[in-house]
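Read through the structure below, which is laid out as structure tokens, and then see the notes.
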Amino acid sequence: MTKIVNHWIGGKTAEGASGTFGPVTDPATGAVTTKVAFASVEEVDAAVAAAKEAFLTWGQSSLAQRTSILFKFRALLDANRDAIAELITAEHGKVHSDALGEVARGLEIVDLACGINVQLKGELSTQVASRVDVSSIRQPLGVVAGITPFNFPAMVPMWMFPIAIACGNTFVLKPSEKDPSASIKIAELLAEAGLPVGLLTVVHGHMVAVDRLLEHPDVKAVSFVGSTPIARYIHTTASANGKRVQALGGAKNHMLVLPDADLDAAADAAVSAAYGSAGERCMAISAVVAVGAIGDELVEKIRERAEKIKIGPGDDPTSEMGPLITAVHRDKVASYVKGAADEGCEVVLDGTGHTVDGYEDGHWIGISLLDKVPTSAKAYQDEIFGPVLCVLRAETYEEALALINASPFGNGTAIFTRDGGAARRFQLEVEAGMVGVNVPIPVPVGYHSFGGWKDSLFGDHHIYGNDGTHFYTRGKVVTTRWPDPADGPTGVDLGFPRNH
């Protein structure tokens, strides 16, 4: 019998009432294993109403109450790592170890939320004028929403809701309809931890649900992670409806390799960052820029390593890379490789014909490596979101930097070199929000914020860290004067207030 994933509203499962369902497949077999209910406008409204009702008390709750629940949730999350990872593997396809790593990175943000009292400390200035004090405080917004992608069905929601809830908001989550089960499992763990009814609501669906959240008058802010076209749409639509927006878009992350770099280390890093999670990561390295005469040797080292990657089902402990999320996405990724030679690329490895014995109907694709890629090639210009690595050549550091900075994306980048001066110059001159020095995937730890530049971010705030706290709260400044009992009447003064 096909499993059905329903919504989570009012602290319990809410059966889908719209009559519309979407298929969820096992990427390793291609079989439809689950149906997910798609929310109607009325169901989204019910979810927001439950969150609004819960905010009336949660917004006034103590920090101690909030963090005590989050500590309990953290313990439950830790104890259920394997169960959540199994759900991710079953619906996304990534290998179990990678799924466990996703849960671990989400836990980092829960840790941060457990210590939110430090980040929510206000400021106080005394005696700014005679017996006048000024304080700054931060208060929650109300109902906030998160719209999250398929590639990290547990981690990305946990980049959002723990901070939002710890700050005193209530949260409506619209996860990807391609792998929805992890979000429901997390909601159940939060309920078990004692989170009051209505604080976290999960509604599934597609554009009907998204558009209703973007226009709903009771939703005060929207967080999003996904492709650049959708991020731009989210930002434009939600902003037009008076909401705060942080919309993280796509990427074309470059790894610059200078002639003095350790080429073995660079090749290891390039393969790990390009092909991990089958390339379905917004922080994947998808373009390597080789400077000077090292290009041929570097490409050969990458090829040697890439050919050894074991591709197979995510629940097989020997697998290093799993399938892609859907057959449609697999075919789109393959199209970039099949058209690469006609656009002037040298196809070193072509993974488009790869299959796995016993799993022939799975969404399989092998490792692809393209060399001497011109910047005009579609494989370079677009975010492929699959296991395809482009290698470009540059004669000098300056040429390579100009190439990287010309990209419309500015999510993450990396440099591999032994030269500290060159690395320092690169981190200051490159136009990207996250930079790695001999680190291929520079995802910040939880207490620093994650986010890119240019077409990789729409809105002013990055996600989690200090930016996350500021996004989910608004500032208020209070000026107070308590007259001394010995003071006499001051009289009427129509002039500008004096601070002396």
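The values are calculated or read from the model by the stated rules, or taken from the named source; none is laboratory data. Predicted model only: the values in this text are computed from it and were never measured. All Cβ positions, even for glycine, are placed from backbone atoms using ideal geometry, and neighbour counts span all protein chains on display. Accessible surface areas use protein heavy atoms only, side chains included; no ligands, DNA or RNA. Shrake-Rupley method; radii C 1.70, N 1.55, O 1.52, S 1.80 Å.
Which residue, of A334, A394, A379, is small (G, A, S), over 25 Å from the mean Cα position of the chain (by Cα) and surrounded by 18 or more Cβ atoms within 10 Å (Cβ to Cβ)? Don't jump to the end; show me each part of the working.
Working: A334 fails: over 25 Å from the mean Cα position of the chain (by Cα); A379 fails: over 25 Å from the mean Cα position of the chain (by Cα).
Every option except A394 fails the conditions.
Please indicate, with yes or no, whether at least one residue in region 186-194 is in contact with a Lys or Arg (Cβ under 6 Å, 6 or more places away or on another chain) and surrounded by 24 or more Cβ atoms within 10 Å (Cβ to Cβ).
Within region 186-194, not a single residue is in contact with a Lys or Arg (Cβ under 6 Å, 6 or more places away or on another chain) and surrounded by 24 or more Cβ atoms within 10 Å (Cβ to Cβ).
Kindly check whether there is at least one residue in region 205-216 that is within 30 Å of P313 (Cα to Cα), in contact (Cβ under 8 Å) with a residue 60 or more places away in the chain and open to solvent by less than 10 Å² (accessible area, probe 1.4 Å).
Checked region 205-216: at least one residue is within 30 Å of P313 (Cα to Cα), in contact (Cβ under 8 Å) with a residue 60 or more places away in the chain and open to solvent by less than 10 Å² (accessible area, probe 1.4 Å).
Let's see how each residue does on (1) open to solvent by 20 Å² or more (accessible area, probe 1.4 Å); (2) among the hydroxyl-bearing types (S, T, Y); (3) part of a loop (DSSP other than H, G, I, E, B):
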| position | (1), (2), (3) |
| --- | --- |
| A17 | yes, no, yes |
| T34 | no, yes, no |
| A39 | no, no, yes |
| E42 | yes, no, no |
| A47 | no, no, no |
| A51 | no, no, no |
| A54 | no, no, no |
| A64 | yes, no, no |
| A104 | yes, no, no |
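Which one is most open to solvent (accessible area, probe 1.4 Å), of the residues in region 434-455 that are over 21 Å from S272 (Cβ atoms) and outside any strand (DSSP E or B)?
Ranking the candidates gives Y447 first.
The rows are residues; the columns are (1) in a helix (DSSP H, G or I); (2) buried (at least 24 other Cβ atoms within 10 Å of the Cβ).
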{"residue": "A273", "(1), (2)": "yes, yes"}
{"residue": "A278", "(1), (2)": "yes, yes"}
{"residue": "C282", "(1), (2)": "no, yes"}
{"residue": "S286", "(1), (2)": "no, yes"}
{"residue": "I294", "(1), (2)": "yes, no"}
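Can you name every residue in region 1-15 that is more than 19 Å from T170 (Cβ to Cβ), open to solvent by less than 70 Å² (accessible area, probe 1.4 Å) and assigned to a strand (DSSP E or B)?
Of everything in region 1-15, just one residue is more than 19 Å from T170 (Cβ to Cβ), open to solvent by less than 70 Å² (accessible area, probe 1.4 Å) and assigned to a strand (DSSP E or B), namely V5.
Residues checked against (1) assigned to a helix (DSSP H, G or I); (2) farther than 24 Å from Y233 by Cα:
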residue: F150; (1), (2): no, no
residue: V156; (1), (2): yes, no
residue: P162; (1), (2): yes, yes
residue: I165; (1), (2): yes, yes
residue: G168; (1), (2): no, yes
residue: I184; (1), (2): yes, yes
residue: E188; (1), (2): yes, yes
residue: L213; (1), (2): yes, no
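Kindly indicate the residue of region 401-425 that is touching a helix residue (DSSP H, G or I) at 6+ places or on another chain (Cβ under 7 Å) and farther than 20 Å from L248 by Cα and also surrounded by the most Cβ atoms within 10 Å (Cβ to Cβ) among those meeting that condition.
Ranking the qualifying residues of region 401-425, first place goes to I415.
When you look at L87, is it closer than 24 Å to F161 by Cβ and more than 17 Å from the chain's Cα centre (by Cα), yes or no?
When the stated conditions are applied, L87 passes them.
Which residues, counting only those in region 66-81, are open to solvent by 50 Å² or more (accessible area, probe 1.4 Å) and either among the basic types (K, R) or within 22 Å of T25 (Cβ to Cβ) (or both)?
The answer is K72, R74, R81.
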